[in-house]
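For reference, the structure discussed in these notes is given below.
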Amino acid sequence: AVDRQDGIDFDIQVRDDIEVDADSEQLFRVVHNICRNAVEALANYKPEDGSERRISVSAVRTGSVVTISIDDTGPGMPAKARENLFAAFRGSARSGGTGLGLAIARELVLAHGGTIALVEKPTPGTLFRIELPDRPVRLDAFRAKGRS
């Protein structure tokens, strides 16, 4: 589904039946923060070749891991912001930003046993990849649930 806001296309490529073993409010906060950063990066960006400004969010499950990708066609992450990307108060790419957003996102993802990373890509823009594993179930809890 593609939605358009302020001249920016939002392309959501997540099947309705995909489930993530995560706290929904915390996961929303992580994805929302990265998308908000992408909107801010794209807001005043005009691609020289006239190509569209787009944010794509996708999720796929492979076994017990869900991979969420947030990809934009913006100007890319400035080198200075990359240096301290997930460091609180040091990783902001915009003037006036605190740099807390990605630091908090990282902590929330790590608390779920997952990873978050900025991924190099051959095209302009920024791509974040989040990998969240299903939490293990204690064997005794699994067996007890099976008996009830």
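Hey, can you tell me all the residues within segment 120-148 that are among the β-branched types (Val, Ile, Thr) and in contact (Cβ under 8 Å) with a residue 24 or more places away in the chain?
First, the residues of segment 120-148 that are among the β-branched types (Val, Ile, Thr): 123, 126, 130, 137.
If the condition is that a residue be among the β-branched types (Val, Ile, Thr) and in contact (Cβ under 8 Å) with a residue 24 or more places away in the chain, then Thr123, Thr126, Ile130 are the ones that fit.
Return only the number of the condition from (1) in a loop (DSSP other than H, G, I, E, B); (2) under 17 Å from Glu40 (Cα atoms); (3) at pLDDT 90 or above that Gly113 does not satisfy.
Exception for Gly113: condition (2).
Within segment 121-145, count every residue that is over 24 Å from Ala22 (Cβ atoms) and surrounded by 16 or more Cβ atoms within 10 Å (Cβ to Cβ).
1
Limited to segment 11-40, what total is found for residues that are among the acidic types (Asp, Glu) and closer than 16 Å to Glu107 by Cα?
Residues in segment 11-40 being among the acidic types (Asp, Glu) and closer than 16 Å to Glu107 by Cα: 2 in total.
Given Val30, Val39, Val65, which one is in contact (Cβ under 8 Å) with a residue 12 or more places away in the chain and under 15 Å from Ile12 (Cα atoms)?
Checking each option against the conditions leaves just Val39.
Pairs, please: C-beta under 6 Å, at least 6 apart or cross-chain, first residue more than 14 Å from Leu42 (Cα to Cα) and in segment 1-22, second acidic (Asp, Glu) and modelled with pLDDT of 90 or more?
As it stands, the answer is Val2/Asp9; Val2/Asp11; Asp21/Asp134, since those pairs meet every condition given.
The values are calculated or read from the model by the stated rules, or taken from the named source; none is laboratory data. Just so we're clear, the structure is a prediction, and the values are computed from it rather than from any experiment. Methodologically, a virtual Cβ is constructed for each residue, glycine included, from the backbone with ideal geometry; neighbour enumeration extends over all protein chains shown.
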